[in-house]
Number of protein chains: 2
Amino acid sequence: MKIGELASRAGVGTKTIRYYEEIGLIPEPERTPNGYRDYDEFAVERLRFIRDAQATGLSLTEIASILDLRGHGEGTCFHVIDLLERHIDDLDRHLETLHKTRDQLVTLTERAKGLDPEDCTDPNRCQTITPGINVGVSAGMKTDHLHVAGHPSRF
Amino acid sequence: MKIGELASRAGVGTKTIRYYEEIGLIPEPERTPNGYRDYDEFAVERLRFIRDAQATGLSLTEIASILDLRGHGEGTCFHVIDLLERHIDDLDRHLETLHKTRDQLVTLTERAKGLDPEDCTDPNRCQTITPGINVGVSAGMKTDHLHVAGHPSRF
DNA sequence: CTTGACATTACAGCCAGATGGAAGGTGTAC
DNA sequence: GTACACCTTCCATCTGGCTGTAATGTCAAG
């Protein structure tokens, strides 16, 4: 399949695919006689995996090291297993914060809805975030080593 | 409290705080006679909220619009409530993907551990991602409008 | 009265992760 | 045979969110 089809099936742009190839995240595909990239089914899988892994906070570089486990000897294997285990750990903590903050956002929304719309023009009443809203959340949450993909990356 | 104390209490850098002020995410604080920024307790709350909201995938601009609900009239209120509701929705879907992908990463790790280390040098065996690993995951997951903060933002 | 940690501003630079555009080749449908 | 979508490479640019640097000011402790 050509790059355009792969792109639409995997839900990314063609630019992105070429970029991934350039940084070694996906292997160079076969080429048709006219020079067009020619992908197989597996490529769709791989791109989807990349998207999901990215969503968990793995960087493209980390994903590359996971995808490229073969042919690098024990050391790399252990390194990657370690990376994965630490990441899963961080991810679990992140999920916890996420759940808590989600609930906080719900509270915030309820509150915003509960306000009399007329009060919205009153600078003293329609302030959605107030002291106390965060009580019990974010205390001691250390999720620092975990990070998420760059800006235009949508979940 | 001075910027340094606020920074360490909220778990961010002083640069970050000044940057937030610059983009209007936090209000300009009082100044001491010598020109130093002077913050109150509420500022710590606010910064923590920002961190958590950011972790759920809200951009700083979106957070700003939530934080700045007052004094903008009904329209803005409804707009923000809408933003929040859609975001919570997206977040729920994202959490689902995240949980699934987490499990997938666990599987991947188990698999990597199960491989005989000697095979790691064999390009044909130690390929951690293979067709099939993603089966049942990422199908139809559309979390597109949700996005996460820029690159150095750690969870 | 100097050292050292802190603060100030202004502005440049960095990073991941794309994204855009120019200039040109390909291929199929009408 | 020409429109039109789609492909190619190369290179520049954008975005979000910081982060660093320089040049300078403030202030408490020893």
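The values are calculated or read from the model by the stated rules, or taken from the named source; none is laboratory data. Just so we're clear, the structure is a prediction, and the values are computed from it rather than from any experiment. All Cβ positions, even for glycine, are placed from backbone atoms using ideal geometry, and neighbour counts span all protein chains on display. The area values use the complete protein model at the heavy-atom level, side chains included, leaving out ligands, DNA and RNA. Shrake-Rupley method; radii C 1.70, N 1.55, O 1.52, S 1.80 Å.
Here are the numbers:
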item	result
Residue in region A:3-16 that is farthest from DNA strand D (Cβ to nearest atom), counting only those that are under 17 Å from the mean Cα position of the chain (by Cα) and of a type outside the set (A, V, I, L, M)	A:G11
Residue that is surrounded by the most Cβ atoms within 10 Å (Cβ to Cβ) [pool: residues in region A:1-13 that are of a type outside the set (G, A, S) and under 24 Å from A:I66 (Cβ atoms)]	A:L6
Qualifying residue in region B:51-64 (condition: of a type in the set (D, E) and over 15 Å from the mean Cα position of the chain (by Cα))	no
Every residue from region B:14-44 that is open to solvent by less than 90 Å² (accessible area, probe 1.4 Å), within 10 Å of DNA strand C (Cβ to nearest atom) and closer than 24 Å to B:S65 by Cβ	B:I17, B:E21, B:P29, B:R37, B:Y39
Members of region A:54-69 found to be of a type in the set (S, T, N, Q) and buried (at least 22 other Cβ atoms within 10 Å of the Cβ), listed by number	A:T56
Unique match (being surrounded by 14 or more Cβ atoms within 10 Å (Cβ to Cβ) and either farther than 16 Å from B:T109 by Cα or modelled with pLDDT under 85 (or both)) among A:H145, A:H94, A:H151, A:H87	A:H94
Sole exception among (1) under 18 Å from B:Q104 (Cβ atoms); (2) away from DNA strand C (no atom under 14 Å from the Cβ) for A:Q54, by number	(2)
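To keep it simple, each residue is scored yes or no on (1) more than 7 Å from chain B (Cβ to nearest Cβ); (2) within 16 Å of DNA strand D (Cβ to nearest atom); (3) assigned to a loop (DSSP other than H, G, I, E, B).
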position: A:R18; (1), (2), (3): yes, yes, no
position: A:A43; (1), (2), (3): yes, yes, no
position: A:T61; (1), (2), (3): yes, yes, no
position: A:L83; (1), (2), (3): yes, no, no
position: A:R93; (1), (2), (3): yes, no, no
position: A:K113; (1), (2), (3): no, no, no
